[in-house]
Amino acid sequence: MSPPPCQPSQTGCLLSVPPENGEIQLYVIQREHIQAEERCLLIDINNTESIMNSEEEFYDAETGLESDDSCEVSYKDASRQTANGKVPSENGVWERRTTLPAPMFSRNDFSVWGFLKKCIGMELSKITMPIVFNEPLSFLQRITEYMEHTYLIHKACTLSDSFERMQFVAAFAVSAVASQWDRTGKPFNPLLGETYELMREEEGYRMISEQVSHHPPISAFYAESLNQDFSFHGSIYPKLKFWGKSVEAEPKGTMTLELSKHKEAYTWTNPMCCVHNVILGKLWIEQYGTMEIINHSTGDKCVLNFKPCGMFGKELHRVEGHIQDKSKKKRVVVYGKWTECVYTIEPKVYEANKKAEKKSGGDSKKHKQEPSPGGDDADEMPDVQETVTMIPGSTLLWRVAPRPANSTQMYNFTNFTMGLNELDPGMAGVIAPTDCRLRPDIRAMENGDIDTASQEKERLEEKQRAARRERAKDEAEWSTRWFQQGNNPYTGVPDWIYKGGYFDRRYSDLPDVF
C-alpha cells in the first residue's frame, strides 16, 4: 500500500509507514521531498546571515592538422603491456567498463517546483538537495572530466611555435567543458577531506583532487604528465543560484596549465553554466561568458566568447574568438561549438567569409520560433542544427567523441565518465580510504538502490555535522592533507597549491570521512 497522505510539516507520517517493495523508490522521493520543503521553510523564515552561519556543511549545490586522428598522441611507453594485450594501471583496473550497473531512475514522480519555489534567489550551496537531483558521481570526479581530451595538451607540448601551442591549449580549455552537455544531474558535493585519484598510464598522466573547504565549498586538483611534460592544477568554488526557471552555476576559480619543456604557464577561468527549465519543460544547458587564456611567458592571449543562446537560438553553444600577441595583433581566429568541435583560421580569411555571408544573407536569416504550448512557462531550447560549417582554409583542432549508445539511460555520461566511479577489487589498499569511489551513498545510487543511497547520504551529512561540532568544541582547525593555501604564482590570486606526496601511498592520519 502507499504511504498515507500528510502535510509537509508531518514528516514522521511518511517515515512511520514502510512501503511495499514495489513502491520503495517513490517512497524515498516523497520522503525527501517533504524533508526538503521543511528545510526550505526554515531557511525562508531566517535571514541570509543565519543561512551563512548554518551548521549544514554538506553542499549540494575543455599546426595544421588535417584530421582528428592526427591530434592523437601515443603513450605506449607510459604503459605496461601484458601478454594478452591488456593495459593494467596502478589502481588495478584492467579494462574500463562501458556502462553503469543500473540505469538512472525516473524523476517524473518528484515535484521540482514544490522544492525550489521557496529557494528563488538563494545560493543553492546553502541548501541540502534531495538525492533525486543527483548523478552518481562526486564533484571531484566531475572535475576529473577536464582530462578527457588530454591528448591536446600532449600535442601542444610537441610544438615549437608558441601560437600553435596556444591553439591547442585553447582547444583543451573548450573541450574540458564539453562533457557538461545534457548533464542535468547534479554531482554529489564532496565531504571535507574527500579525495579522488585518477591514473591513466596509457594516456600519460595522473591526477589527485581533494575537498579542502566547506565554507565556502572548494575543490582543489593537480594533474601531471608521467614524463614531466606538463602540470595542470587549480581550485574551484562552484556558486549555484536558482532564478525561477533556471539554475545558474558560476565556477569560480583559476585553471593553470604549465608546459615545463617550453617554460610556459597558461591561466584561464571557465564560463558560466545555466540549466534551463528546471520547473517545466525539457531541461537544457548553455554556457556563456568570456574566457581569457593568458600565456604568462610570452604575453600572448586567447579571448574566447561563449555565446548565449539569444532570442532566435542562432548562437546556441557557439564559441568564437581570437589569439593575439602581446601587441594585441590578431594572429589566429578560433571558432566552433563547445559541444562539438574547435577550428582555427587566418583572420583575413575569416573576415572575408563573414562579409560574403552577410552579403548573401545566408547567416543573417532569422527564423522566428513558434511559441511553446506552455507560453511563458518554459524556456524552450531553440531547434538549432548541431553542426558547425567549416570555413575553407580552416584547421580542425578538436572534435568531441560520440557518446555511448546507452548514454541517455546512464545520466548522459561519456565513455570517459562511465569509468570514473569504477571500483575494481585490485584497488583495495592502493587508493586512499578517503577516495570517493568508496562513498556508500554514491555507490548505492550507481547500483540503483535509491533507498540505501538516501539513507547513507543522510548519515554522511549528520556525521559531517557532528565532526564540525566536535572541532568547534575543541577549538581545532581543519588541516588539509594534500593541498595548502597560497597565491597563484602567475595571477597572484588566492589558490590552493599541491603539497606533493600523494602518490607515495602513505595514508597515515587521514580523516574518517565515510
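How much length, in nm to one decimal, is gained on full extension between Glu320 and Lys261, taken as 0.36 nm per residue of separation minus their Cα-Cα distance? Please list the in-between numbers first.
Working: separation 59, 0.36 × 59 = 21.24 nm, distance 2.92 nm.
Once the chain is fully extended between Glu320 and Lys261, it gains 18.3 nm.
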Between the stretch 156-215 and the stretch 255-329, the alpha-carbon center distance in angstrom
15
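Explain nothing, just the number: dipole magnitude of the stretch 220-284 about its Cα centre with +1 on each Lys and Arg Cβ and -1 on each Asp and Glu Cβ, in debye rounded to the nearest 20.
Roughly 360 debye, rounded to the nearest 20.
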Would you mind computing, in nm to one decimal, how far apart the modelled labels at Ser360 and Asn487 are, each placed 7 Å from Cα along Cα→Cβ?
5.3
For Glu292 and Ser106, calculate 0.36 nm times their separation in residues minus their Cα-Cα distance, and state this gained length in nm to one decimal.
63.0 nm
The stretch 189-257 - Rg (one decimal) and Dmax (whole number), Cα, Å
14.7, 49
Could you list the residues of the stretch 410-433 with an amide nitrogen less than 16 Å from a label point located 7 Å from the Cα of Thr98 in the Cα-to-C-beta direction?
410, 413-420
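Could you calculate the contour length gain from Arg506 to Ser327, that is, 0.36 nm times the residue separation minus the distance between their Cα atoms, to one decimal place in nm?
Values: separation 179, 0.36 × 179 = 64.44 nm, distance 4.88 nm.
Result for the pair: 59.6 nm of gain on full extension.
Report the net charge of residues surrounding Gln324, where surrounding means a beta-carbon distance below 10 angstrom and charges are Lys +1, Arg +1, Asp -1, Glu -1.
On the way: positive: Lys301, Lys326, Lys328, Lys329, Lys330, Arg331; negative: Asp300, Asp325.
Summing Lys/Arg as +1 and Asp/Glu as -1 gives +4.
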Would you mind putting 226-233, 332-339, 489-496 in packing order, based on average other-beta-carbon counts within 10 Å, highest first?
332-339, 226-233, 489-496
Expressed in nanometres to one decimal, the distance between label points 7 Å along Cα→Cβ at Thr158 and Gln228 is 2.2
In debye to the nearest 20, how big a dipole does the stretch 207-256 give about its Cα centre with +1 on each Lys and Arg Cβ and -1 on each Asp and Glu Cβ?
360
Can you find, among Pro347, Ile323, Thr290, the residue sitting farthest towards the positive end of the charge dipole of the stretch 282-349, where Lys and Arg contribute +1 and Asp and Glu -1 at Cβ?
Pro347
How many angstrom lie between the Cα centre of the stretch 419-484 and the Cα centre of the stretch 487-509?
21
Among 282-293, 475-486, 144-155, how do they line up by average Cβ neighbours within 10 Å per residue, starting with the highest?
144-155, 282-293, 475-486
Please give the charge dipole size of the stretch 145-290, origin at the Cα centre, charges +1 on K and R Cβ atoms and -1 on D and E Cβ atoms. Round to the nearest 20 debye.
560
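The numbers here are math on the coordinates, done by the rules we state, and not lab data. The model shown is predicted, which means the values in this text are computed figures rather than measured ones. No Cβ is skipped: glycine too gets one built from the backbone with ideal geometry, and neighbour counts run over all protein chains shown.
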